[in-house]
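The values are calculated or read from the model by the stated rules, or taken from the named source; none is laboratory data. A quick note: this is a predicted structure, and the numbers were derived from the prediction, not measured. So basically every Cβ, Gly included, is an ideal-geometry build from the backbone, and we count neighbours across all protein chains shown. To get the accessible areas, we keep the full protein, side chains included, count just its heavy atoms, and leave off ligands, DNA and RNA. Shrake-Rupley method; radii C 1.70, N 1.55, O 1.52, S 1.80 Å.
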Amino acid sequence: MRKINPTDYDLVKQFIDGNDDSIDTLVIRHKDRVYTYIYLIVKNHQLSEDLFQDTFIKVIRSLRLGKYQDNGKFLAWVLRIAHNLIIDHFRKEKQNKTFSKDDYELDIFNSAKYCEETYEDELIRNQIHSDIRNLVDELPDDQREVVILRHYKGLSFKEIANQTNVSINTALGRMRYALINMRKTIEDRNMSLTF
């Protein structure tokens, strides 16, 4: 017997079980919310359409690969995918942007990085800070403590050693292992932490 108004969970399960029509129902159900979210950030209809399509292509791929764990927050998951695609778009756009006074002259003032910060820059910077903070939070306690004291509180390694009751070499070692662990996680997750 078919439910009259299936939940997102039901539709996801049906799609995973081979019912391709259920993804259409999910897209229709959430299209206004997802499209509006994208448009409010990028403020361009054509780009919003492209990012909307890319979002649901990624949703379909992720569902087929079993990368979605249902926790009752399907829409939040889709919006997170859209958000990440928006960030990726702004990063690519920023890397390709240069400003030219004329066709023949190129100087340091033509670079986008010397222009005023835009909303897109702020969005990327906030995402990078959030990603880094999450990486730090995943570290073992002793490594996390050294990273926070050094990079968030600005303490020297001598001050860290005194505060944590370890030798300077131990504090340095913990920082070294923290950086190794963070780099490994960045590589494993294929994260981009560049502006």
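Worth a mention:
- Where the range 1-95 is the region considered: accessible area per residue in Å², 1.4 Å probe: 64 Å²
- A cut-off under 15 angstrom between Cβ atoms defines the neighbours of D50, and their net charge, with Lys, Arg +1 and Asp, Glu -1, is 0.
- Listed residue pairs exceeding 29 Å between alpha carbons, taken from K43/K73; K158/K184; K13/K94; K67/K92: K13/K94
- Spin-label model, D70 to Y177: label points 7 Å out along the Cα-to-beta-carbon direction sit 4.1 nm apart.
- Note on the range 23-73: along the principal axes its Cα atoms extend 32, 18, 18 Å, ordered by decreasing extent.
- Cβ-Cβ FRET estimate between K43 and R125, R0 fixed at 22 Å, reported to 0.05: 0.70
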